[in-house]
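A.B. asks: First, the structure itself, so that you have it in front of you.
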Amino acid sequence: MTISKDLINPFVISAIEIIEELEGEKPKRGEISLIQDTTETQGVAVVIGITGNIEGRLLLDVSKETACKFATYLLKEDFSEYNEIVESAIGEMANLITGRSASLLNEMGYSLKITPPTLFTGKELRVSDKKMKMIVIPLFCKSGKLLINVAFKE
Amino acid sequence: MVDDILQIYAKDPEMNGIKPDGSKIRVLVVDDSLAFRRLISRVLTETGYEVVGEVADGKESLLKVAELNPDVITMDVTMPELEGPDAVDVIKRNHPNANIVMVSSMGHQDLVEKAIKKGAKGYILKPLTGEQIPKMLKVIKKAVLG
C-alpha cells in the first residue's frame, strides 16, 4: 500500500494544533523522511495502534527533556525530572493527537479506532518495522523536537 | 501564574466549588490518565472543590460512587474495563440523582452523545488549556446546582 499524503496529513495537522494549544506557538515542520527498516529514538517513544479499514501505528518520539517540558505545559506545573507523571502526560498527549487524527480521517471516509498508548523509554531505543514503511515528520516546538513516526501495513 | 488565575476563579460564584450553604462541592474524578487526574484534581481543589476520590477505570467508579456519594463525577469517555457511557448508564440506574460530567478529547463525539443520552449533564474537552478551565468549572458547577 502506498502511504498517501491524505493519510499522513491528519497526524501532522493534529499534532501542530495540539502543540499550539499547549505552547501558545505553532511548531515548525521539518523535512519528511521515509524509513524502511530501523530507526533510533530520542529516548521516549509512545506507540498508539490504529485499527479499522487500515492498520498501522503512530509513534511519538521525544527526548526525556522535551517530555518534561510538554508535561509542564500540559499539567501547568514544573517538571524538571522525568517520572511517572511525565510519562502519563506524554501518553495523554499521544492520545489527544491520535484521537484528533482519527476524527479527521473518519471524516474523510476511513473507519478507524485507536488503542491505548504504550510507552517505551531508554537510551539507544531502536524501532524496527519490517512489514511497514515509516514516514517520519519532525516538528520543532518550544519544548524541543518531536518526531511523528507513522507507519501503515502494506 | 496559573495559580493566580485559579485564585480568581475561586472567588467567582459561577465557577467555584462552594455551594449556597457554604459547603464544598464533592467531586469524584474518573480518568485512566494519571496526568489528567492530577491536573483536574489540582484545578478543582484550588478553586474550592473537594476531590473526594480519584479512580482509573469505569468499573471501579461504580464502587466508589456507592461508597462516597459525590455531588458530581467527572468521567473520561474512554477507559479500560468499562467505557464512560456504559458506566454512566449503570451509575444512573443505581443512583438516579448522580451528576456526571464527561471528559473527552476530540474524536469521541459519538461517545459523549451516548453518555448524555444515558444521563450525563455535560462535557469538558481535553486538553485542559487556559481557555478550557473556566468552561470546565462552569459546566461542573451547573451540573450540581442547575
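The values are calculated or read from the model by the stated rules, or taken from the named source; none is laboratory data. Everything numeric in this text was worked out from a predicted model, so none of it was measured. With ideal geometry, Cβ positions are generated from the backbone for all residues, glycine too; neighbour counts draw on all protein chains shown.
A.B. asks: Which members of the range A:80-102 meet the condition of being more than 7 Å from chain B (Cβ to nearest Cβ) and either more than 14 Å from the chain's Cα centre (by Cα) or hydroxyl-bearing (Ser, Thr, Tyr) (or both)?
C.D. replies: Across the range A:80-102, the qualifying residues are A:80, A:81, A:82, A:83, A:86, A:98, A:101.
A.B. asks: Still on this structure: If you go through the range A:75-82 one residue at a time, do you hit one that is surrounded by fewer than 22 Cβ atoms within 10 Å (Cβ to Cβ) and touching a residue at least 24 places away in the same chain (Cβ under 8 Å)?
C.D. replies: yes
A.B. asks: Just a yes or no: is a residue in the range B:82-93 within 14 Å of another protein chain (Cβ to nearest Cβ), farther than 18 Å from residue B:145 by Cβ and either at pLDDT 95 or above or surrounded by 23 or more Cβ atoms within 10 Å (Cβ to Cβ) (or both)?
C.D. replies: Within the range B:82-93 (the criterion being within 14 Å of another protein chain (Cβ to nearest Cβ), farther than 18 Å from residue B:145 by Cβ and either at pLDDT 95 or above or surrounded by 23 or more Cβ atoms within 10 Å (Cβ to Cβ) (or both)), the answer is yes, since at least one residue qualifies.
A.B. asks: Do any strands (runs of 3 or more DSSP E) entirely within the range A:71-154 hold 1 or more residues that are at pLDDT below 95 and of a type in the set (S, T, N, Q), and if so, which?
C.D. replies: Strands (runs of 3 or more DSSP E) meeting the threshold: A:118-121, A:126-128, A:144-153.
A.B. asks: I need the full set of residues from the range B:1-50 which are hydroxyl-bearing (Ser, Thr, Tyr) and within 16 Å of residue B:99 (Cβ to Cβ), in order please.
C.D. replies: Answer for the range B:1-50, where residues must be hydroxyl-bearing (Ser, Thr, Tyr) and within 16 Å of residue B:99 (Cβ to Cβ): B:23, B:49.
A.B. asks: Assigned to a strand (DSSP E or B) and either acidic (Asp, Glu) or farther than 18 Å from residue A:119 by Cα (or both): is that true of residue A:34 in this structure?
C.D. replies: Taking the combined requirement at face value, the residue satisfies it.
A.B. asks: Pull up the range B:50-81, narrow it to residues that are small (Gly, Ala, Ser), more than 18 Å from residue A:93 (Cα to Cα) and surrounded by fewer than 24 Cβ atoms within 10 Å (Cβ to Cβ), then point me to the one that is farthest from the other protein chains (Cβ to nearest Cβ). Steps first, answer last, please.
C.D. replies: As a first pass, look at the range B:50-81 and keep what is small (Gly, Ala, Ser): B:53, B:56, B:58, B:61, B:66.
Pick out the ones that are also more than 18 Å from residue A:93 (Cα to Cα) and you get B:53, B:58, B:61, B:66.
Remaining after also requiring surrounded by fewer than 24 Cβ atoms within 10 Å (Cβ to Cβ): B:53, B:66.
Numbers: B:53: 18, B:66: 27 Å.
This residue is B:66.
A.B. asks: Kindly indicate whether any position in the range A:48-60 is in contact with a helix residue (DSSP H, G or I) (Cβ under 7 Å, 6 or more places away or on another chain), within 10 Å of chain B (Cβ to nearest Cβ) and among the β-branched types (Val, Ile, Thr).
C.D. replies: The answer is no; no qualifying residue exists.
A.B. asks: Could you tell me whether any residue of the range B:12-19 is of a type in the set (S, T, N, Q) and in contact (Cβ under 8 Å) with a residue 60 or more places away in the chain?
C.D. replies: Let us first name the residues in the range B:12-19 that are of a type in the set (S, T, N, Q), namely B:16.
Now restrict to residues that are in contact (Cβ under 8 Å) with a residue 60 or more places away in the chain: B:16.
Taking every residue of the range B:12-19 in turn, at least one turns out to be of a type in the set (S, T, N, Q) and in contact (Cβ under 8 Å) with a residue 60 or more places away in the chain.
A quick yes/no check of all residues on (1) in contact with a Gly (Cβ under 8 Å, 6 or more places away or on another chain); (2) among the polar types (S, T, N, Q); (3) assigned to a helix (DSSP H, G or I):
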site: A:6; (1), (2), (3): no, no, yes
site: A:9; (1), (2), (3): no, yes, yes
site: A:22; (1), (2), (3): no, no, yes
site: A:45; (1), (2), (3): no, no, no
site: A:51; (1), (2), (3): no, yes, no
site: A:69; (1), (2), (3): yes, no, yes
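A.B. asks: Can you spot a residue in the range A:105-118 that is of a type outside the set (A, V, I, L, M, F, W, C), within 14 Å of another protein chain (Cβ to nearest Cβ), surrounded by 17 or more Cβ atoms within 10 Å (Cβ to Cβ) and touching a strand residue (DSSP E or B) at 6+ places or on another chain (Cβ under 9 Å)?
C.D. replies: Within the range A:105-118, one or more residues are of a type outside the set (A, V, I, L, M, F, W, C), within 14 Å of another protein chain (Cβ to nearest Cβ), surrounded by 17 or more Cβ atoms within 10 Å (Cβ to Cβ) and touching a strand residue (DSSP E or B) at 6+ places or on another chain (Cβ under 9 Å).
A.B. asks: Still on this structure, I have one more. With the structure loaded, tell me whether residue A:62 is within 29 Å of residue A:106 (Cα to Cα), among the aliphatic types (A, V, I, L, M) and at pLDDT 95 or above or whether it fails that test.
C.D. replies: Yes: the conditions hold for residue A:62.
A.B. asks: Residues in the range B:17-49 that are surrounded by fewer than 19 Cβ atoms within 10 Å (Cβ to Cβ), farther than 13 Å from residue B:76 by Cα and not charged (D, E, K, R): how many?
C.D. replies: Total meeting the criteria: 6.
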